[in-house]
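Computed from the coordinates by the stated procedures, all read-outs in this text should not be read as laboratory data. All of these numbers come straight from a predicted model, not from anything done at the bench. Every residue, glycine among them, receives a Cβ derived from its backbone with ideal geometry; neighbour counts consider all protein chains shown.
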Amino acid sequence: MRVLVATVKTKTGLHARPAALLVNCVSKFTSTITIKKGEQEGNLKSLLDLLSLGVEQGDQITITVDGKDEDEVIAALNRCATENELW
Amino acid sequence: MYKGVPASPGIALGPALVLPKKQFQLEKKIIQDVTAEKDRFHQALTAAKTRIEGLIALAQEQEQTETAKIFEAHRMVLEDPELITGVEQQIDQEKVNAEFALETTVNFYINLLSQANSAYMRERVADLKDVANQVLQFLAGGGPQIPEIKEDCIIVAAELTPSDTALLPLDKVQGFITEVGGPTSHTAIIARSLELPAVVGVKKITASVQSGDHLIIDGEQGAVFVNPDSDTIAVYRQKQEVLHRQKKELASLKTLAAQTKSGKTIKLLANVGEPWELPKALEYGADGIGLFRTEYLFLNRDTLPTEEEQFQAYKEVLVQMEGKPVVIRTLDIGGDKNLPSLNLETEMNPFLGLRGIRLCLKNKTVFTTQLRALYRASVHGQLKIMFPMISSLEEYRAAVKCAEEVRAQLIEEGHPVSGHVPIGIMVEVPSTAIMTDLFAKEVDFVSIGTNDLTQYTLAVDRMNEQISHLYTPFHPAVLRLIKMVIAQARDGGIEVSMCGEMAGDPRFTSLLIGLGLESFSMSPSALLAVKKQVRAAKSTTAKALAQKVLALPTAEEIRAALENAEERSDSACES
């Protein structure tokens, strides 16, 4: 299991385009990927879950990845975040 | 006659085409074969996805990128693993039918997303409903039906969603009538972009009209006539013809300069209350936005808009205007508006109460949040900030101090801020109008708000029907004040504009030019009619008209003189 903790930097928070980017980035992997904000938790492969979390700029999020391709997921997430200045 | 919300102007006459209601028998059924039910659900999902992919391709082919984006969001919803497993689990565990499982799962997310206070999230709720409806229609068999349109018709429907209108053969559609929706609904936006009349929010219209019934739709008044008599038809045929002629004549003005016969260029700007009006302003050739109202961001919601939400909104306006000047007015709200998030007290006299800048100076957080968003957006275009309801220099100075503090703070935080953001005021309180010369030493620009200036000068509440006959911008006192404001602003070397209704009323154009006004801001739909007056105006005749009118003692005489003058310039224009 791999865990990624980050503070969201992107101005719009994780709605709109950034949310779609993240979901598209992880949906092809087999690992279970959850995103947590405070007490709330959701499936990062689900746009509806991610939008429901309502992640804003400055929020701290914890992404947990569990599965065979977890290392690749973390790498892909980091790449996506850097390219789009998400966190 | 049926009344609704006028959503797109114009008049159309023609037979009705009533689109069938999307009603599903959403009863909860207990099923035996769980696997078969899940298969049925997946087949409907696949069918809906194929349809949406077709819509995406169609939109891309027609280069409608915005529409394509809407459908791409729809596809993501259809592929959402939580939505799919949510439905599957309910079928598995509770042995319910796919329709019921989908409905409850979708409602769960609708509830969550409706709580968000961003416009973006509320749009996603509409997407989610649209997508769910399509899947339900495939579950019912066959999927969404596309009506055949063989002849000209007026569409009547309970509601029209993006996926409905995308496949409608629109070339024969003459207008739209829907039961739900407001001026920003999808139907309204589509109708305006097609320049077809639309009336929305007409209750129970689908039950009262049958396909083939003869309809008249008046998109200006929000009126719908069903099987009208021959007199009404004749009246509306004539109105329609007049509109056609005017539209053609005005359209020829779009690309022409707003220049008087004497060669003076007049700035014609647009008043905008909601972002959807921006494309219209640009289309009608506005030189910029003379008044961007920000109230829409605050009304009809329980919480205040965040700095981020406001920043996005202001940025979008500035970007859309492509470097043309945009005057954004800070929040102008008071006790007559229901704003739950501010907990405003009901006042005896709201128009003389805590409103406009007074409210902002009392609720500093609201004010500084808006100013932060404005300054952050300032790097994306040519922003000017305008304060409403200023009645003394002390107020103006206090507001400017806030603005300067916010600006300095942002720079300290490392935000990029535009080097020069002009700050101006609305001149709508007589005390300020009288002191324009003193204000001119401190403000960058003034804009005359004639609606409030008229009501405050004449002590006539413009909402009170009993005294509405006393409310008239033709009153000599109002015109004298306006003359004074324009003259003193010009003497003081500052820009003076007008953004009240008078600016968009062609009867006043020549007079105002005669008084020295060079910048007019009005609702986009008035731009061309005023441009026509500008092009017919001559400095000498305009000055003579101003002199003559300002000497008249009553509003009635002034009205008569201006209406005569307008007729003269009309005939001059045609000859």
**Message:** Residues of segment B:391-419 with backbone nitrogen within less than 15 Å of a virtual label 7 Å along the Cα-to-Cβ line of B:SER431, please, listed as ranges.
**Reply:** B:391-399
**Most to least packed among B:413-423, B:289-299 [average Cβ atoms within 10 Å]** = B:289-299, B:413-423
**Asked** Is the shape of the protein assembly as shown rounded, prolate or oblate, going by the alpha carbon gyration tensor and its root eigenvalues a ≥ b ≥ c, with a/c under 1.5 for rounded and a/b larger than b/c for prolate?
**Response** oblate
**Message:** Inside 10 Å of the C-beta atoms of B:108-114, what's the mean count of C-beta atoms belonging to other chains?
**Reply:** 3
**Electrostatic dipole magnitude of segment B:78-143 [Cβ: Lys, Arg +1; Asp, Glu -1; Cα centre; debye, to 20]** = 220
**Request:** Give the relative contact order (percent, whole number) for segment B:181-321; include only Cα pairs under 8 Å separated by 6+ residues.
**Result:** 13
**Asked** If you stretched the chain out fully between B:THR265 and B:GLN221, how much longer would it get, using 0.36 nm times the residue separation minus the C-alpha to C-alpha distance?
**Response** 12.4 nm
**Prompt:** Under unit Cβ charges (Lys, Arg +1; Asp, Glu -1), what dipole magnitude, rounded to 20 debye, does segment B:34-139 have relative to its Cα centre?
**Reply:** 140
**Complete:** One would report the antiparallel percent of DSSP beta bridges in chain B, rounded to the nearest 5, as 30
**Prompt:** Order of B:GLU395, B:GLU405 from fewest to most other C-beta atoms within 10 Å?
**Reply:** B:GLU405, B:GLU395
**Fill in**
Once amide hydrogens are built 1.01 Å from N within the peptide plane, the residues lying 5 or more places from A:LEU44 or on another chain with amide H under 5 Å from its amide H are A:ILE33, A:THR34, A:ILE35
**Item:** Across B:LYS254/B:LYS384; A:LYS68/B:LYS69; B:LYS254/B:LYS538, pairs whose alpha-carbon gap is larger than 22 Å
**Value:** B:LYS254/B:LYS384; A:LYS68/B:LYS69
**Message:** Through the Karplus equation 6.51 cos²θ - 1.76 cosθ + 1.60, θ set to phi - 60°, convert the phi angles of segment B:328-333 into ³J(HN,Hα) values in whole Hz; use x for Gly and Pro.
**Reply:** 9, 8, 5, 3, 10, 9
**Message:** Looking only at the protein assembly as shown, where both bridge partners belong to it, what percent of the DSSP beta bridges are antiparallel (to the nearest 5)?
**Reply:** 45
**Prompt:** A:ASN78 label point, 7 Å along Cα→Cβ, cut-off 16 Å on backbone N: hits in segment A:1-42?
**Reply:** A:1-7
**Prompt:** Going through segment B:23-118, which trypsin sites (Lys or Arg not before Pro) have at most 16 other Cβ atoms within 10 Å and a DSSP loop state?
**Reply:** B:LYS28, B:LYS29, B:LYS95
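On a full-extension model of 0.36 nm per residue, what is the gain between B:ARG358 and B:LYS441, subtracting their alpha-carbon distance, rounded to one decimal in nm?
So the extension gain works out to 27.7 nm.
Using the beta-carbon distance between B:GLU405 and B:LYS95 and R0 = 60 Å, what value does 1/(1 + (r/R0)^6) give for FRET efficiency, to the nearest 0.05?
Values: r = 63 Å, r/R0 = 1.06.
Working from the Cβ atoms, E equals 0.40.
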**Request:** Taking 7 Å along the Cα-to-C-beta vector as the label spot, tell me the B:ARG397-B:GLU322 distance in nanometres, rounded to one decimal.
**Result:** 4.4
**Asked** Per-residue mean of other chain beta-carbon atoms within 10 angstrom of the beta-carbon, peptide A:23-32?
**Response** 1
**Message:** Spelling out what I want: for every residue of segment B:27-36, take phi, set θ = phi - 60°, compute 6.51 cos²θ - 1.76 cosθ + 1.60 (Karplus), and round to whole Hz; glycine and proline get x.
**Reply:** 7, 7, 10, 8, 10, 9, 8, 4, 4, 5
**Asked** Short version: ³J(HN,Hα) in whole Hz for each residue of segment A:43-59, in order, from phi by Karplus 6.51 cos²θ - 1.76 cosθ + 1.60 (θ = phi - 60°), x for Gly and Pro, what are they?
**Response** 7, 6, 7, 10, 4, 5, 4, 5, 5, 5, 5, x, 6, 9, 4, x, 6
**Request:** Please tell me the relative contact order of segment B:34-139 in percent, rounded to the nearest whole number, where contacts are Cα pairs under 8 Å and at least six residues apart.
**Result:** 34
**Message:** Expected output is a single nm value to one decimal: the length gained when fully extending between B:ASP33 and B:ALA560, i.e. 0.36 nm times separation in residues minus the C-alpha distance. What is it?
**Reply:** 181.7 nm
**Request:** Evaluate the relative contact order of chain B (contact order divided by residue number), counting alpha-carbon pairs under 8 angstrom at least 6 apart; express in whole percent.
**Result:** 13
**Message:** Cross-link candidates for B:LYS3: which lysines have Cα within less than 18 Å, leaving aside residues fewer than 8 places away along the same chain?
**Reply:** B:LYS203, B:LYS204
**Request:** Determine the calculated [θ] at 222 nm for chain B from helices alone, applying -39500 (n - 2.57) to every DSSP H run no shorter than 4 residues and normalising by the residue count; nearest 500 deg cm²/dmol.
**Result:** -15500 deg cm²/dmol
**Request:** Distance from a point 7 Å along Cα→Cβ of B:PHE351 to each backbone N in segment B:424-462: keep the residues under 19 Å and list them by number.
**Result:** B:426-434, B:448-462
**segment B:100-157 versus segment B:267-320: alpha-carbon centroid distance in Å** = 28
**Inter-chain Cβ neighbour average for residues A:40-52, partner chain, 10 Å** = 6
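Sort B:369-378, B:229-238 by packing, meaning the average of other beta carbons within 10 Å per residue, with the highest value first.
Ranked from most to least packed, the peptides come out as B:369-378, B:229-238.
Students often check this: by mean Cβ neighbours within 10 Å, which of B:501-512, B:530-541 ranks highest, and how do the rest follow?
B:501-512, B:530-541
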**Request:** Please work out the Cα center distance from segment B:426-493 to segment A:56-84, rounded to the nearest Å.
**Result:** 58
**Shape of segment B:34-139, Cα gyration tensor, a/c cut at 1.5** = oblate
**Request:** Please work out the FRET efficiency for the pair B:GLN115 and B:SER539, using the Cβ-Cβ distance as r and a Förster radius of 56 Å; give the result to the nearest 0.05.
**Result:** 0.45
**Message:** Just to verify a number: FRET efficiency for B:HIS42 and A:THR30, C-beta to C-beta distance, R0 = 25 Å, to 0.05?
**Reply:** 0.80
